[in-house]
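*Asks:* My structure is below; once you've seen it, I'll send some questions.
Values quoted throughout were computed directly from the atomic coordinates according to the rules given, and no laboratory measurement underlies them. Given the structure is predicted, the values throughout are model-derived calculations rather than measurements. A quick note on method: Cβ atoms are made from the backbone with ideal geometry, for glycine too, and the neighbour counts reach across all protein chains shown.
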Amino acid sequence: MASNKISLADWQAKMNPGASKAAPTGDNLVYSTESGRIDNKPQVKAVAEAYADGAVRIRRETKGRGGKAVLTISGIAKPNDELAALAAKLKKKCACGGAVKDGVIEIQGDKRELVEQLLQAEGYKTKWAGG
C-alpha cells in the first residue's frame, strides 16, 4: 500500500501551478525567515469625502438633541487625527464643547459666524447649509 502523503509546499504548488516560488507578500505576513519581522504601516486615509465644489458645509441641527443647537461641519477630507486637531482648535476659539463623529465635526451651540470666520482663516471655502 503506497502512501499519498505530500508536503504542504508541494500541495500548494500542485493546487496553484502559476504561483512563483518567491516569498509570500500578503498583508497578514508578520515574519519572514529571510528579513525578520515585517512591520506593515497602516495606510492613513481620509475619514470623510469632500464635496464636488470643494466647500465645507456648516449646518445647524437641533433634531434628536433635545432642542439644543449643534453645528455640524462636513466636507473636510482629512484623516481622523487632523479632524480632531481642527475640532480642538475650533472648540477653544468658540469656548464650547464638541466632538468628531464619522468624519463630521460637531460644535455645541449656534456660533455659525465665528466658525465660518475661523475656517476661512484656515483656508477653507465655506457654505451654510440647512436652517
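*Asks:* How much net charge surrounds Cys94 when only other residues with a Cβ under 15 Å from its Cβ are counted (Lys, Arg +1; Asp, Glu -1)?
*Replies:* Values: positive: Arg60, Lys68, Lys89, Lys91, Lys92, Lys93, Lys111, Arg112; negative: Glu106, Asp110, Glu113, Glu116, Glu122.
Local net charge: +3.
*Asks:* Which of the aspartates and glutamates could be linked to Lys127 by a straight reach, that is with a Cα gap under 13 Å, when you skip same-chain ones fewer than 8 residues away?
*Replies:* Straight-distance partners of Lys127: Asp53, Glu113, Glu116.
*Asks:* For Lys68, which aspartates and glutamates qualify as cross-link partners when the Cα separation must be under 13 Å and same-chain residues fewer than eight apart are set aside?
*Replies:* Qualifying aspartates and glutamates at Cα under 13 Å: Glu106, Asp110.
*Asks:* Mind checking which aspartates and glutamates have their Cα closer than 19 Å to the Cα of Lys111? Skip sequence neighbours fewer than 8 apart in that chain.
*Replies:* Once the sequence-local aspartates and glutamates are set aside, what remains near Lys111 is Glu61, Glu122.
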